[in-house]
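Chemist: The structure under discussion is supplied below as structure tokens; questions concerning it will follow.
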Ligand SMILES: Nc1ncnc2c1ncn2[C@@H]1O[C@H](COP(=O)(O)OP(=O)(O)OP(=O)(O)O)[C@@H](O)[C@H]1O
């Protein structure tokens, strides 16, 4: 196995560790994981073609942004235990990113996915 391939496999291992660590230690991550994967699965199940992929991706992106939020929170906690305005802004801006994408995903789910789900079930 070449050095490059070994490096890629190692990198994937670190990514899996990051995912499992966030799952273990962050309750917000677990909640957003459940919501995001449910939204993604329902979108892919009830919508078709490009719409399914786009709406599924919007739901999945909540999970991605929540992972970044967890990373920012942990990095800030590692960097300082003192109260610093810049630390507050870093954490609050990361939380705002999750809120923004979450609200957008919710709006899309309520206006695109839910009506289609109801139509199929009725
Ligand atoms: N070192 C710090 N300096 C300034 N403000 C901070 C610092 N750490 C946290 N805060 C702020 O305090 C509030 C609560 O943060 P806290 O880290 O307790 O909760 P959180 O961001 O939801 O993360 P967690 O998931 O770890 O509970 C937030 O507004 C955050 O920006």
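Just so it is clear, none of the values below were taken in a lab; they were calculated from the coordinates. Bear in mind that the values here come from a model prediction, so they are computed numbers and not experimental data. Quick reminder, even Gly has a Cβ in these numbers, built from the backbone with ideal geometry, and neighbours come from all protein chains shown.
Chemist: At 222 nm, what helix-only mean residue ellipticity would the chain give, in deg cm²/dmol to the nearest 500, using -39500 (n - 2.57) for each DSSP H run of four or more? Kindly include the intermediate steps, with their values, before the conclusion.
Modeler: Working: 5 runs with 106 residues, N = 122.
Mean residue ellipticity at 222 nm (helix-derived): -30000 deg cm²/dmol.
Chemist: Obtain the nm distance between the two label points defined at residue 90 and residue 78 by a simple spin-label model: each point lies 7 Å from its Cα along the Cα-to-C-beta direction.
Modeler: A separation of 1.0 nm, rounded to one decimal place.
Chemist: If you take the Cα atoms of segment 68-122, find Rg, then find the Kirkwood Rh from the mean of 1/r over all pairs, what is Rg/Rh? Can you show the working numbers first?
Modeler: Values: Rg = 17.6 Å, Rh = 13.4 Å.
With Rh from the inverse mean 1/r over Cα pairs, Rg/Rh is 1.32.
Chemist: Whole-Å semi-axes of the chain's equivalent ellipsoid, largest first, each the root of 5 times a Cα gyration tensor eigenvalue? Spell out each step's value before the answer.
Modeler: Details: eigenvalues 194, 97, 24 Å².
They are 31, 22, 11 Å, listed largest first.
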